[in-house]
Amino acid sequence: MSEKAEDTGSGRQSRGAAASVQSVDRAVSVLEILARHGDAGVTEIAEELGVHKSTAFRLLGVLEARGLVSQEQDRGKYYLGPGVLRLAGAAASRLDISQEGAPVCRELAEEVGETANIAVLDDDAAVNIMQARGASSVTAQNWLGRRTPLHATSSGKALLAHQPKSVQESVLSRKLPRLTEHTLVSPAELRSDLKAVLKTGFAVARDELEIGLHAVAAPVRAHDGKVIGAISVSGPSYRLEEERLHEVAKRTMAAAQDLSRRMGYAY
């Protein structure tokens, strides 16, 4: 075989490989379009991809054969199929909040210079499963593995605010310990605080667990939207005064969204 023939064969293989990669890229784009819009017709999909309708139709045919998209018989529009749920479930089962949260927690601590924690709900308490310290952190206190009360911590309130009403009332109906003079123990005050968490997207604890300790937390969601944890920042009250506390809250919410995406949740 001549060198020219070999070069021609190699060129064909390269072009074939490039075309295959392009097809995969377009197929993934189709899934993203349907995830964004809920459903879409061939014409809409072709326009978003910038391809001919026949190309979009072929892509949809392959995805439909694999169960990744389905077609509405009456309107002819396509939507994500059960195969996507199967893949999502397989991926979600391998995601671990402590593993996925480690780099997010460290980055948040470095960014704000304070102590960052990730907590999960454990019956009537919040348990810290991950901790990272920032450069300004002056305490050697280790929160890792500690069970902290839901009503007196930012993580606890962030978690409790997203629980069913029955769970909330079960906690609020008990005699809650007053840990400091600022601890909220009145059911009415706590209900109001939990409503504020849902409205603002973050929870705050000011001198409620310990005098001189302020904290802010935001909820972390799983792929199905369920709140599975909370990421928080805590520090001395003289450094986390009201203005900075709200600034840190914004960064904490951004970190919570980042971790939620890592856990498979789509905003």
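The values are calculated or read from the model by the stated rules, or taken from the named source; none is laboratory data. Fair warning: this is a prediction, and the values are worked out from it, not measured in the lab. We place every Cβ from the backbone using ideal geometry, glycine too, and count neighbours over all the protein chains shown. Please note that ligands, DNA and RNA were not included when accessible areas were found on the heavy atoms of the full protein model with its side chains. Shrake-Rupley method; radii C 1.70, N 1.55, O 1.52, S 1.80 Å.
Would you confirm whether or not the stretch 222-240 contains a residue that is more than 22 Å from E110 (Cβ to Cβ), basic (K, R) and modelled with pLDDT under 95? Reasoning before the result, please.
Taking the stretch 222-240 as the starting set, the residues that turn out to be more than 22 Å from E110 (Cβ to Cβ) are 222-228.
Then drop every residue that is not basic (K, R), which leaves 226.
Filter once more, keeping what is modelled with pLDDT under 95: 226.
Yes - at least one qualifying residue is present in the stretch 222-240.
Using beta carbons and a limit of 8 Å, which pairs, at least six apart or on different chains, have the first residue in the stretch 158-169 and touching a residue at least 60 places away in the same chain (Cβ under 8 Å) and within 10 Å of V197 (Cα to Cα) and the second one assigned to a loop (DSSP other than H, G, I, E, B) and among the aromatic types (F, W, Y)?
From the stretch 158-169, the pairs are A158/F202.
Which of the residues that make up the stretch 207-219 are free of Cβ contacts under 8 Å to residues at least 40 places away in the same chain and either touching an Asp or Glu at 6+ places or on another chain (Cβ under 9 Å) or of a type in the set (D, E) (or both)?
Taking the stretch 207-219 and keeping what is free of Cβ contacts under 8 Å to residues at least 40 places away in the same chain, we get 207, 210-214.
D207, E210, I211, L213, H214, listed by residue number.
When the residues of the stretch 35-86 are filtered to those that are part of a helix (DSSP H, G or I) and at pLDDT below 90, which remaining residue is least open to solvent (accessible area, probe 1.4 Å)?
Residues of the stretch 35-86 part of a helix (DSSP H, G or I): 35-37, 42-49, 53-65, 82-86.
Now narrow it down to the ones that are at pLDDT below 90: 35-37, 82-86.
Numbers: A35: 69, R36: 147, H37: 96, P82: 89, G83: 1, V84: 41, L85: 130, R86: 148 Å².
Ranking the qualifying residues of the stretch 35-86, first place goes to G83.
Can you find a residue in the stretch 186-193 that is hydrophobic (A, V, I, L, M, F, W, C), touching a residue at least 40 places away in the same chain (Cβ under 8 Å) and crowded, with 20+ Cβ neighbours inside 10 Å? Walk me through how you get there before you give the answer.
Going residue by residue through the stretch 186-193, those that are hydrophobic (A, V, I, L, M, F, W, C) are 188, 190.
After this cut, where a residue has to be touching a residue at least 40 places away in the same chain (Cβ under 8 Å) as well, the list is none.
No, there is no match, as no residue in the stretch 186-193 is hydrophobic (A, V, I, L, M, F, W, C), touching a residue at least 40 places away in the same chain (Cβ under 8 Å) and crowded, with 20+ Cβ neighbours inside 10 Å.
Which residue pairs have Cβ atoms closer than 6 Å, lie 6 or more positions apart in sequence or on different chains, and pair a first residue in the stretch 98-125 that is more than 17 Å from W143 (Cα to Cα) with a second residue that is in a strand (DSSP E or B)?
Qualifying pairs under 6 Å: V112/V233.
Does G134 count as surrounded by fewer than 18 Cβ atoms within 10 Å (Cβ to Cβ) and touching a helix residue (DSSP H, G or I) at 6+ places or on another chain (Cβ under 7 Å)?
Numbers: surrounded by fewer than 18 Cβ atoms within 10 Å (Cβ to Cβ): yes; touching a helix residue (DSSP H, G or I) at 6+ places or on another chain (Cβ under 7 Å): yes.
Against the criterion (surrounded by fewer than 18 Cβ atoms within 10 Å (Cβ to Cβ) and touching a helix residue (DSSP H, G or I) at 6+ places or on another chain (Cβ under 7 Å)), G134 qualifies.
Within the stretch 249-267, count every residue that is hydrophobic (A, V, I, L, M, F, W, C), surrounded by fewer than 19 Cβ atoms within 10 Å (Cβ to Cβ) and modelled with pLDDT of 95 or more. Working first, answer last.
We begin by selecting, within the stretch 249-267, every residue hydrophobic (A, V, I, L, M, F, W, C); these are 249, 253-256, 259, 263, 266.
Cutting the leftovers down to surrounded by fewer than 19 Cβ atoms within 10 Å (Cβ to Cβ) gives us 253-254, 266.
Filter once more, so that each one left must be modelled with pLDDT of 95 or more: 253-254.
Final tally of qualifying residues: 2.
Can you tell me which residue among R221, R178, R174 is open to solvent by 10 Å² or more (accessible area, probe 1.4 Å) and touching a Gly at 6+ places or on another chain (Cβ under 9 Å)?
Details: R178 fails: touching a Gly at 6+ places or on another chain (Cβ under 9 Å); R174 fails: touching a Gly at 6+ places or on another chain (Cβ under 9 Å).
Selected residue: R221, the only one of R221, R178, R174 that is open to solvent by 10 Å² or more (accessible area, probe 1.4 Å) and touching a Gly at 6+ places or on another chain (Cβ under 9 Å).
Given (1) closer than 24 Å to A135 by Cβ; (2) open to solvent by 30 Å² or more (accessible area, probe 1.4 Å); (3) of a type in the set (S, T, N, Q), where does Q163 come up short, assuming only one miss?
Tallying (1) closer than 24 Å to A135 by Cβ; (2) open to solvent by 30 Å² or more (accessible area, probe 1.4 Å); (3) of a type in the set (S, T, N, Q), Q163 fails exactly one: (1).
Filter the helices (runs of 4 or more DSSP H) completely within the stretch 150-267 down to those with at least 2 residues that are among the acidic types (D, E) and more than 13 Å from the chain's Cα centre (by Cα). If you could, list the steps in order and put the result at the bottom.
On the way: elements: 154-160, 165-172, 187-200, 242-262.
Correct list: 187-200, 242-262.
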